[in-house]
Every structure is written in C-alpha cells, then in structure tokens.
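For reference, the structure is listed below as structure tokens.
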Amino acid sequence: MTADNIESLMHEQRRYEPPATGRDTAHVKSLDAYQAIYKRSIEDPDGYWADRATELLTWSKPWDTVLEYDFDKPEIKWFAGGQLNAAYNCLDRHLTDGRRNKAALIWQGEADGAVRTYTYQMLHDEVCRFANVLKKLGVKKGDRVSLYLPMVPELAIAMLACARIGAPHSIVFAGFSANSLRDRVNDCESKILVCSDAVIRSGKTIPLKPNADQALTECPSVEKCVVVRHAGNEVAMQAGRDLWWHDVMCDHGVQGACEPEPMDAEDVLFILYTSGSTGKPKGVYHTTGGYLTYAAHTSQLVFDLHDDDIHWCTADIGWITGHSYIVYGPLALGATSLMFESVPTYPEPDRFWQICEKFKVNIFYTAPTVIRSLMRSGPAWTQKHDLSSLRILGSVGEPINPEAWMWYHEHVGHGKLPIVDTWWQTETGGLMISPLPYATPLKPGSASLPLPGIDAAIVDNENKEVGPNQGGFLVIKKPWPGMLRGIWNAPERFKQQYFTGFKGAYESGDGARRDEEGYFWIMGRVDDVINVSGHRMGTAEIESALVSHPTVAEAAVVGMPHDIKGQSIYAYVTLKAGYEESDDLLKALKMHVRKEIGPIAAPEVIQFAPGLPKTRSGKIMRRILRKIASNEVDSLGDTSTLADPSVVTELIDGKKKLF
Ligand code: WTA
C-alpha cells in the first residue's frame with residue numbers, strides 16, 4: 001500500500017448498516033447474533049466445530065477428537081479418526097437430497113454462446129468417469145496429480161475426480177510458464193499431468209500444450225499426460241505418454257460408478273503452490289475434513305448461500321479463491337456455482353455485468369484490481385445492464401481502497417448491497433476476517449471482524465498485543481479447521497515461516513491495525529511478498545529468475561504502487577562486467593522473467609543499477625529501494641549504515657533518466 005492509501009484508510013469514517021431486506025432468511029441475522037456465535041466459538045471451540053462439521057458435512061466415520069494441536073512443533077489435527085470423502089460431500093449426497101437435477105456448475109466460456117451446464121447428477125457422472133480414468137492410468141490413493149488447465153469445466157471435474165480416489169491434486173495456474181510448471185510438478189512428484197491444447201483469452205488462442213511438453217522433458221515422475229481439447233488448435237501428441245481427454249473418457253472400462261475412497265480427515269486433499277518471502281514457491285497443503293468443513297462454513301456464513309442462489313466467484317481456480325469458492329465451498333453446500341473463462345474487459349468492459357444479467361447472479365465475488373480497472377472505463381457500462389438480481393458483493397486479494405469500495409457500492413450495488421471485504425490467504429484455506437452481509441455494519445476499506453472460530457490479534461515485535469489503532473503484525477492465536485497442515489517436503493520451512501516469529505500463534509505476514517470497535521484494517525504484507533493485481537509474488541523468485549540471465553550479476557525486486565494493479569514489480573539490476581546497458585537488454589530481461597515464471601511476474605520497470613544499497617555486512621536495504629521506486633526519496637530514513645551511501649544518489653539519478 002502507498003502512504004496515501006494508508007493515510008486515506010486512517011481517516012475513513014463512513015459507515016453503512018446492513019440491508020434490511022434479506023435479513024429474515026439470512027444465516028446470521030444481526031450483529032448480536034454474530035457476537036453470540038463468535039463468543040461460543042472461542043469459549044467452546046470443540047463444541048462449536050463439532051456442531052459445524054456435523055451440520056455441514058456427511059462423515060462415513062465419526063471423529064475421535066475434534067482438535068489436537070501444538071503450534072510449537074507444529075502439529076495440527078482436526079477431527080482425527082473421522083473419515084469422509086470430499087467428492088462424496090460435493091456430489092453424491094446431493095443426488096438424494098432433492099438437488100439431483102439442480103445446476104451444480106454453469107460454465108460460461110469466452111464466446112457468449114459457449115455455455116455448459118452440469119447438474120449434480122451430470123457432474124457426478126463425469127467425475128466418476130474421470131476418477132475411473134485416473135485409476136486405470138495407475139493412480140492410487142496418495143499419488144499426486146498436477147492440473148494445468150484454463151477455466152474449463154474439466155478442471156473442476158479433474159479436481160473432484162482426484163478427491164474421489166484420494167489423490168491430492170496440485171493445480172498450476174495456466175498463466176505460469178513451463179519452468180514454473182516443471183518445478184511444481186517435480187516438487188510433489190506428480191504421476192499424471194492434465195493440461196489443455198490452449199488457453200482462450202481476449203479473442204486469442206494461446207497454446208498451452210507446448211509448455212507442458214517443455215516441462216515434461218524434465219519431469220521424470222510423470223507417466224501420462226491427459227490433454228483436453230478446448231481451442232481446437234494443432235497439438236503434437238507424444239505416443240505412449242499423451243492421451244486425449246475425450247478418448248480416455250469414452251473407454252469402456254471407465255463408464256459407471258466409482259466408489260468414493262474413504263479418507264481420513266487428516267489425509268491431504270490438495271497441494272497449492274504459493275509464493276513466500278524467500279526461496280522457491282511453497283507447496284501449501286490442506287487436508288480433507290478441516291478444509292472442507294471450513295470452506296462450507298465460510299461459504300454459508302459470508303456469502304449467505306441459499307438454494308436458489310447463483311454464486312459467481314470470478315477468480316481463477318488456479319488460486320485458492322477458486323478452489324474454495326468456485327468448487328469446494330459452494331458444491332459442498334449444494335449451491336449453483338458459475339465459472340467463467342475469460343476477462344472482465346473483453347469484448348467490452350461490461351462483460352461481468354452482462355453475465356450477471358444473463359444468469360441473474362445473486363452473489364458476486366471479485367478483486368479490487370478488477371473494480372479499479374472497470375472504474376476507469378466509467379459507470380456507464382454498469383448502467384447498461386439489469387443488476388437487480390445481485391444480493392451480496394464480495395472483494396478479495398488485497399486491501400480495497402475506499403474509492404474503489406464506494407464505486408463498487410454505488411455503481412454495482414446501487415447503494416444498497418453489502419460488500420464483504422474478505423481477508424484470507426492460501427494458507428488459511430478460507431475466509432478469516434470479513435463482514436457477515438446481514439449482520440456487520442460496513443466501513444469502506446476495513447475487512448471488519450474475525451469470523452466465528454478465528455482468534456485474530458495484532459501484536460508488536462515482542463509478541464504483545466497492541467492497543468486500538470496501533471499498527472502491528474496480524475497473527476491468529478488458535479487453530480481453525482481450514483488452516484494449512486504443512487508445506488510439501490519442507491517441514492522446517494513450515495515451522496520457520498508461520499510458527500517461529502510469534503510464539504504460540506500463526507504468523508500471517510500481513511500488517512494491520514484494529515480500531516476502537518475492533519474492526520481490522522489490513523495494511524498489506526510486511527515481508528518480501530508483493531501483491532500484483534491480487535496475485536502474490538515473491539521478490540526472491542523474481543530476483544532468482546533475473547539472476548539466471550547470463551548478463552545479470554545481481555538483482556533486487558520491490559513493489560511499487562500502481563493505480564490498477566495495487567502494486568507492480570520494480571527491479572534493480574546490476575550487470576556483469578563487460579555487458580552494456582541497452583533498451584534491447586531491458587526487453588530481453590522482461591522476456592526472460594516471463595519465460596522463467598510467467599507473464600504475471602514480468603517487471604513493470606527495470607532499472608540498471610551500478611550498485612545496490614547494502615549494509616556493511618552485505619545485506620540489501622530494500623526499504624531504500626522501495627522508497628526510490630515509490631518516489632518517496634524525501635523519507636529515505638537512516639542511510640548511515642550503508643557500506644557506500646553514494647549508491648543511493650546514483651540510483652535516484654538513474655531513476656530520473658527512466659521516467
Ligand atoms: C492479501 C488470497 C487485504 C494479504 C485469498 C494476504 C488481502 C494475501 C485481502 C494472501 C483483503 C487477501 N484485504 N489484503 N481482503 N485478501 N489479501 O495467498 O496480503 O493469494 O496475505 O490468498 O493477500 O494472498 P493469497
């Protein structure tokens with residue numbers, strides 16, 4: 001966040017009461033009701049979560065203990081001894097509870113005519129078939145399967161098929177490069193990769209299979225690659241390894257039922273790689289019982305899902321938001337989830353509103369970066385469409401600045417709809433701090449109050465809770481069912497990253513303050529993670545991509561404020577001796593990062609730096625680099641500890657030449 005944004009959040013005084021209409025049927029009807037639930041959840045967590053897990057899910061075997069944990073070890077177990085299957089909970093049980101012929105998933109492709117609807121029965125049948133395919137290909141309980149797909153229904157089908165047979169899925173966002181895919185596949189040693197011929201985006205066909213091919217030359221664990229035909233472009237298939245989805249799904253042997261595998265509550269449901277402040281991406285993993293309970297619980301309370309609602313979360317399933325709020329949460333509740341393949345601005349900046357009108361969407365959940373980019377096109381685009389079906393608006397991914405909040409409220413919500421600004425993370429599995437739509441008075445820019453079961457606090461460097469309106473580190477003091485259980489292959493990193501900084505608590509990596517009424521105001525990351533258009537990027541990853549270029553000696557990456565993206569990537573690069581700075585080299589370096597990580601990681605600005613500001617012990621002082629990138633050179637702070645303070649003047653001069 002920029003200093004200006006923080007300033008405007010500090011002075012934000014507006015307040016909106018929850019709407020009166022909708023309260024009668026809401027899952028939580030008032031602030032008092034929320035407070036009572038919250039109180040119970042903190043005083044009697046075992047009782048509360050046992051009730052929730054029973055109300056929301058079907059278990060094939062009851063648990064022995066609700067919670068066992070030790071944050072020092074760390075070890076967290078929810079519902080130990082219990083058994084269930086996530087696909088059974090998202091599909092089978094809805095075949096007999098009156099929802100068999102209800103739309104589970106409605107898919108809207110980029111072309112307006114490209115719509116596919118799956119009832120619960122249809123989705124169940126497809127999932128069983130693909131589960132049978134996986135089994136036939138030799139996938140057993142516990143084997144990993146990587147999914148590298150655009151937003152097509154096959155992605156949801158493949159996820160649930162994995163869940164059905166107990167094979168953890170690892171979804172790799174289709175915007176990642178071949179090298180990123182390779183690293184993620186190798187880290188969890190997947191047996192199967194599912195990909196597609198291409199991604200369709202803004203009228204273009206972007207081939208995807210070549211990335212998979214390139215990655216697979218260095219992925220020894222992968223035995224088969226299943227390819228979904230989506231765009232219909234020419235694809236090279238490797239005999240013996242590659243199979244078409246539509247062929248394998250037609251095999252005789254895969255038709256018919258596939259019994260759901262009974263899974264222990266603590267068996268891994270999926271792995272999802274996310275960026276950290278150091279090193280390569282971490283394979284955050286979630287387990288079956290706790291994650292699914294939490295995804296269903298939060299979907300029900302925060303989106304107030306009811307049976308005739310159409311729920312639309314615009315995230316990509318490649319991120320945690322899509323996992324929890326397109327697939328697992330809504331389907332566990334038997335809701336109708338809308339899945340959209342394309343972008344908000346194609347063919348025109350009213351695509352989202354046109355879809356809301358077309359399907360009469362009730363709950364709409366998107367990111368501040370989307371709102372800011374649509375704000376720029378003007379409110380006329382929202383006025384072209386009947387948005388009267390909308391009931392709840394949501395926001396996720398980064399702090400929503402009050403200007404964007406107000407625009408969303410006025411032009412999409414017509415001044416009436418609640419906006420749930422949901423703070424959470426890949427690691428938390430589900431929403432953590434958020435208003436409840438019919439209970440919580442709203443303050444633009446605040447994620448408001450912790451959800452039931454969430455013991456959130458703000459502490460200082462010494463792990464002491466700070467007073468009202470004092471900034472500090474956001475930590476969670478008690479486990480919740482949806483929390484991560486580990487980092488794949490890296491138990492030490494799991495401990496170091498989340499449980500060592502503040503003893504006895506989960507460290508979120510975010511800074512925040514809490515006002516007199518207990519409302520949380522999230523200030524953004526306090527570590528070296530930056531948030532570009534709601535996507536988490538580790539500066540260390542981008543630096544190592546830059547340094548892998550033959551001309552680069554050293555690189556330092558920081559976030560820089562950006563009107564639409566929130567933050568953008570600013571890289572300082574020192575060349576090896578003998579290489580010349582040039583515009584061509586700048587372009588080549590940007591291309592190199594795209595190739596190494598993916599387009600989302602390409603720096604907005606690269607500045608050649610003859611030297612980087614370092615302490616005498618050789619540590620790069622990123623604070624100074626951030627200030628220079630953000631044009632805040634008047635407040636550089638103490639530079640006396642630098643080994644060579646003249647570097648700073650050189651960098652400031654160098655930046656002036658760039659702009
Ligand atoms: C940021 C996305 C402020 C935060 C679900 C967090 C937010 C990181 C909000 C996690 C919000 C997410 N207000 N900041 N409503 N939602 N963040 O893992 O910095 O991709 O730590 O999970 O996004 O990003 P991740």
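The values are calculated or read from the model by the stated rules, or taken from the named source; none is laboratory data. The structure presented is a predicted model; accordingly, all values stated were derived computationally and were not measured. We place every Cβ from the backbone using ideal geometry, glycine too, and count neighbours over all the protein chains shown. We work out accessible area using only protein heavy atoms, side chains counted, and drop any ligands, DNA or RNA first. Shrake-Rupley method; radii C 1.70, N 1.55, O 1.52, S 1.80 Å.
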Is there a residue in segment 639-652 that is farther than 24 Å from HIS535 by Cα, within 36 Å of the chain's Cα centre (by Cα) and hydroxyl-bearing (Ser, Thr, Tyr)?
no
Suppose we filter HIS297, HIS323 for residues that are outside any loop (DSSP other than H, G, I, E, B), within 13 Å of the ligand (Cβ to nearest atom) and under 25 Å from ASP264 (Cα atoms); which single one remains?
HIS323
Here is a list of conditions, (1) within 15 Å of the ligand (Cβ to nearest atom); (2) under 21 Å from the mean Cα position of the chain (by Cα); (3) farther than 17 Å from GLY276 by Cα; (4) not hydrophobic (A, V, I, L, M, F, W, C), and ARG594 meets all of them except one; can you say which number that is?
(1)
Per the filter on segment 488-511, residues acidic (Asp, Glu) and near the ligand (Cβ under 9 Å from one of its atoms) are ASP510
Scan of segment 426-443 for residues that are within 11 Å of the ligand (Cβ to nearest atom) and open to solvent by 10 Å² or more (accessible area, probe 1.4 Å), ordered by number:
THR426
For GLU341, indicate whether it is in contact with a Gly (Cβ under 8 Å, 6 or more places away or on another chain), open to solvent by 10 Å² or more (accessible area, probe 1.4 Å) and more than 16 Å from the ligand (Cβ to nearest atom).
yes
For segment 391-403, enumerate the residues that are open to solvent by 10 Å² or more (accessible area, probe 1.4 Å) and either away from the ligand (no atom under 16 Å from the Cβ) or of a type in the set (Gly, Ala, Ser) (or both).
ARG391, GLY397
Check segment 370-381 and report whether any residue there is crowded, with 24+ Cβ neighbours inside 10 Å and within 11 Å of the ligand (Cβ to nearest atom).
no
Wholly inside segment 171-249, helices (runs of 4 or more DSSP H) that include 1 or more residues that are in contact with a Cys (Cβ under 6 Å, 6 or more places away or on another chain) and at negative phi are 178-188, 209-216
Candidate set: segment 624-643, residues that are modelled with pLDDT of 90 or more and among the charged types (D, E, K, R); chosen: the one farthest from ALA571 (Cα to Cα):
GLU632
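Per-residue answers, yes or no, for (1) surrounded by fewer than 18 Cβ atoms within 10 Å (Cβ to Cβ); (2) touching a residue at least 24 places away in the same chain (Cβ under 8 Å); (3) not in a loop (DSSP other than H, G, I, E, B):
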{"position": "PRO452", "(1), (2), (3)": "no, yes, no"}
{"position": "PRO481", "(1), (2), (3)": "no, yes, no"}
{"position": "PHE494", "(1), (2), (3)": "no, yes, yes"}
{"position": "GLY504", "(1), (2), (3)": "yes, yes, no"}
{"position": "ARG513", "(1), (2), (3)": "no, yes, yes"}
CYS356: passes all of (1) open to solvent by less than 10 Å² (accessible area, probe 1.4 Å); (2) within 21 Å of SER202 (Cβ to Cβ); (3) within 16 Å of the ligand (Cβ to nearest atom) but (3)
Under the condition of being of a type in the set (D, E, K, R), outside any strand (DSSP E or B) and more than 20 Å from LYS135 (Cβ to Cβ), which residue from segment 251-293 is most open to solvent (accessible area, probe 1.4 Å)?
LYS280
Please verify whether LEU474 is within 13 Å of the ligand (Cβ to nearest atom), closer than 30 Å to ALA80 by Cβ and hydrophobic (A, V, I, L, M, F, W, C), treating the condition exactly as stated.
yes
Output the number of residues of segment 389-414 satisfying the condition of being under 19 Å from the mean Cα position of the chain (by Cα), of a type in the set (Val, Ile, Thr) and under 16 Å from PRO437 (Cα atoms).
1
Here is a list: THR336, THR366. Which entry is polar (S, T, N, Q), touching a His at 6+ places or on another chain (Cβ under 7 Å) and either modelled with pLDDT of 95 or more or more than 16 Å from the ligand (Cβ to nearest atom) (or both)?
THR336
Would you mention how many residues in segment 512-537 are touching a Gly at 6+ places or on another chain (Cβ under 8 Å) and more than 10 Å from the ligand (Cβ to nearest atom)?
4
Restricting to segment 123-155, name every residue that is closer than 17 Å to VAL227 by Cβ, hydrophobic (A, V, I, L, M, F, W, C) and part of a helix (DSSP H, G or I).
PHE130, VAL133, LEU134, LEU155
Residue under evaluation ARG485, criteria (1) of a type outside the set (Val, Ile, Thr); (2) open to solvent by 10 Å² or more (accessible area, probe 1.4 Å); (3) away from the ligand (no atom under 14 Å from the Cβ); (4) more than 19 Å from the chain's Cα centre (by Cα), criterion not met:
(4)
When residues of segment 182-200 are filtered for being more than 17 Å from ASN489 (Cα to Cα) and either open to solvent by less than 10 Å² (accessible area, probe 1.4 Å) or more than 20 Å from the chain's Cα centre (by Cα) (or both), how many remain?
8
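I'd like to check which strands (runs of 3 or more DSSP E) are fully inside segment 14-114 and have at least 2 residues that are of a type in the set (Gly, Ala, Ser).
So the answer is 103-108.
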Has segment 233-241 got any residue that is under 30 Å from the mean Cα position of the chain (by Cα) and closer than 30 Å to THR288 by Cα?
no
Find all pairs meeting these conditions: Cβ atoms under 6 angstrom apart; at least six residues apart or on different chains; first residue within segment 46-75 and under 24 Å from GLU492 (Cβ atoms) and open to solvent by less than 60 Å² (accessible area, probe 1.4 Å); second residue in a loop (DSSP other than H, G, I, E, B) and of a type in the set (Gly, Ala, Ser).
PHE71/GLY504
Would you call HIS549 on the phi < 0 side of the Ramachandran plot and either within 9 Å of the ligand (Cβ to nearest atom) or touching a Leu at 6+ places or on another chain (Cβ under 7 Å) (or both)?
yes
